[in-house]
Amino acid sequence: MVLTVDGLRMRYGDREVLHDVTFDARPGEVLALLGPNGAGKSTTIEILEGFRLRSAGRVEVLGVDPAAGDERWRSRIGIVLQSWRDHGNWRVGELLHHLGAYYAPYSTSTAPRPWPTGELLDAVGLSAYAGQKVKTLSGGQRRRLDVAIGIVGRPDVLFLDEPTTGFDPEARSEFHELVRGLAADQGTTILLTTHDLDEASKLAHRILVLAAGRIIASGTTAQLTELIAGEDEVRWSVDGQPFRKSTSDSTTFVRELFATYGDAVRELEVRRASLEDTYLTLVREQA
Ligand SMILES: Nc1ncnc2c1ncn2[C@@H]1O[C@H](COP(=O)(O)OP(=O)(O)OP(=O)(O)O)[C@@H](O)[C@H]1O
């Protein structure tokens, strides 16, 4: 396992914010951590990154306790924080070149480090801005740079805390391609937090739902949806009049609809319970 989290607990003062969190991740697996504000997602990620000391439980990242990780261990980890706002006067290309140099001693034949600046800029869609000062980038461009900084060392594990906040739809879609490529081609294990359920559904092999410091469900989108046997919604119109019906067996319902109304059935739409429906149900049940 690349990530092992077993019985993780965290308290701030006398307030426990993580209770017995347990999960793991295999090489090349993409995990999405979903949950309401304050659920404990950032705290969990920060413990795995070695930035926060846990109160109890076993945590291993690449076989090492993050609380005791050395520089070699750190060189194999990539991090994209929610936001960081320094380096403003650096030029984009120079900054990546400079940060990349740190990883050179950790280069291996299978993972040549760092990622060459030109290729990296291309991968995150910033080639046109290589010579521009960081402080002049737009919010979305700045975020792409954050991602580039996170992967310049070709990490074996990548932590992404709300990576696509502020991305336009095209940037988001390009970012999704990039993440899929990192996992599939480079075997990078990725743990990301997001409030975008569509993003989680598209990117993650497995989704973990964290609420009030506990993992209340985990699985693929299909498995989570199955957990909450949501009803399908069928919509159609006859003679311009719209209808809708919730049903647990939309196939039979639609067959009967056609048997009764034939070609008069128009604008047919069958909507399966979505990840959003499932997520909201899970989180409300927990509350
Ligand atoms: N440094 C801290 N000191 C005390 N309490 C903290 C600290 N950091 C976080 N908390 C509390 O711990 C809980 C979990 O916070 P955390 O930031 O991990 O949540 P989150 O799931 O990442 O939320 P969001 O979706 O809003 O980013 C919250 O109740 C928060 O107020």
Quiz prompt | Among (1) more than 13 Å from the chain's Cα centre (by Cα); (2) assigned by TED's automatic domain parsing to the domain that holds Ile79 - the single one Trp236 does not satisfy | solution = (2)
Quiz prompt | Residue check, Arg58 at pLDDT 95 or above, surrounded by 17 or more Cβ atoms within 10 Å (Cβ to Cβ), away from the ligand (no atom under 12 Å from the Cβ) and over 15 Å from Leu191 (Cα atoms) | solution = no
Quiz item: Out of the residues in segment 198-239 that are acidic (Asp, Glu) and touching a strand residue (DSSP E or B) at 6+ places or on another chain (Cβ under 9 Å), which is surrounded by the most Cβ atoms within 10 Å (Cβ to Cβ)?
Solution: Glu199
Practice problem: Would you tally the residues in segment 229-287 being of a type in the set (Phe, Trp, Tyr), in a helix (DSSP H, G or I) and without any contact (Cβ under 8 Å) to a residue 40 or more places away in the chain? | Solution: 3
Quiz item: Of these, Glu256, Glu285, which one is more than 30 Å from Leu8 (Cβ to Cβ) and more than 16 Å from the ligand (Cβ to nearest atom)?
Solution: Glu256
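Listed here are the residues, each with its yes/no results for (1) farther than 24 Å from Leu182 by Cβ; (2) assigned to a loop (DSSP other than H, G, I, E, B); (3) within 16 Å of the ligand (Cβ to nearest atom).
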| residue | (1), (2), (3) |
| --- | --- |
| Arg9 | yes, no, yes |
| Leu18 | yes, no, yes |
| Thr22 | yes, no, no |
| Leu31 | no, no, yes |
| Ala39 | yes, yes, yes |
| Glu46 | no, no, yes |
| Phe51 | no, yes, yes |
| Arg74 | no, no, no |
| Asn89 | yes, yes, no |
Self-check item: segment 240-250, residues that are surrounded by fewer than 15 Cβ atoms within 10 Å (Cβ to Cβ) and either assigned by TED's automatic domain parsing to the domain that holds Ser201 or of a type in the set (Gly, Ala, Ser) (or both)
Solution: Gly240, Ser246, Ser248
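The values are calculated or read from the model by the stated rules, or taken from the named source; none is laboratory data. This one's a predicted model, so the numbers in the text were calculated from it and none came from an experiment. Using ideal geometry, Cβ is built from the backbone for each residue, glycine included, and neighbour counts are taken over all protein chains shown.
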